[in-house]
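The structure appears right after this line, and notes come after that.
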Amino acid sequence: MSDKDTSAAQKFMEKALPELKEAGVRVAGKQAVKLAQEPIAALLLRGLPDDEKSDLLRAKVGKAVRTKAGGALVGFAIGGSILAVPGEHPILDAVGKELRQEGIATFGDELLDVIMGPLRAFIAATIANGGVPPTTLHALPVEAVGKVKMSPLVEAAAPVVEAAPAPVAIGSTRRSSGGKR
């Protein structure tokens with residue numbers, strides 16, 4: 001190997017080593033969340049009686065904990081718990097910081113998707129309708145827009161038996177034709 005090759009390899013390692021350490025911290029955090037999700041769901045549900053309502057609750061909590069938002073909350077909780085560990089632990093502190101930051105960012109993104117998803121669908125429906133907003137939410141032309149994806153957090157909280165949505169007026173640009181102008 002020439003000096004030029006050695007120099008290039010050293011430069012690569014100088015840049016790659018910190019990135020590899022960060023990636024290792026991120027992987028450790030994600031694995032900690034995966035490891036904790038099911039036991040946390042079980043802990044939340046222990047002591048429930050064996051009946052149909054409890055089975056439904058178990059299914060919903062289990063599903064919610066396994067969503068991205070549920071994982072974000074679990075990660076944030078683990079990251080917060082790491083703050084309580086006494087002493088200096090640079091790697092553990094880095095994993096805790098990653099979990100808290102990722103938890104906040106992921107949960108915030110999922111929460112905003114609950115708000116922004118219908119807004120995106122409304123804007124797309126308005127554009128598809130020639131600039132005229134739809135008059136009811138359930139009348140969004142899903143065929144023209146594509147399937148409106150519901151956040152997994154909302155899906156987990158939705159009732160098992162869903163009724164057809166009732167029309168909800170959200171405004172119209174048309175004026176009534178009755179009466180004098």
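Here are the numbers:
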| read-out | value |
| --- | --- |
| Top-ranked residue of the range 53-69 - restricted to ones that are among the basic types (Lys, Arg) and at pLDDT below 85, ranked as surrounded by the most Cβ atoms within 10 Å (Cβ to Cβ) | 58 |
| Pairs with Cβ under 7 Å, 6+ apart, first in the range 40-62 and part of a helix (DSSP H, G or I), second of a type in the set (Val, Ile, Thr) and surrounded by 13 or more Cβ atoms within 10 Å (Cβ to Cβ) | 40/65; 40/74; 41/61; 41/65; 44/61; 45/61 |
| Answer residue from the range 74-108, given it is touching a residue at least 40 places away in the same chain (Cβ under 8 Å) and surrounded by fewer than 19 Cβ atoms within 10 Å (Cβ to Cβ) and is farthest from residue 26 (Cα to Cα) among those | 91 |
| Criterion (assigned to a helix (DSSP H, G or I) and modelled with pLDDT of 95 or more) met by exactly one of 102, 110, 14, 22 | 102 |
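The values are calculated or read from the model by the stated rules, or taken from the named source; none is laboratory data. Values in this document were obtained by computation on a predicted structure and should not be read as measured data. Glycine also receives a Cβ, built like all others from the backbone with ideal geometry; neighbour counts cover every protein chain displayed.
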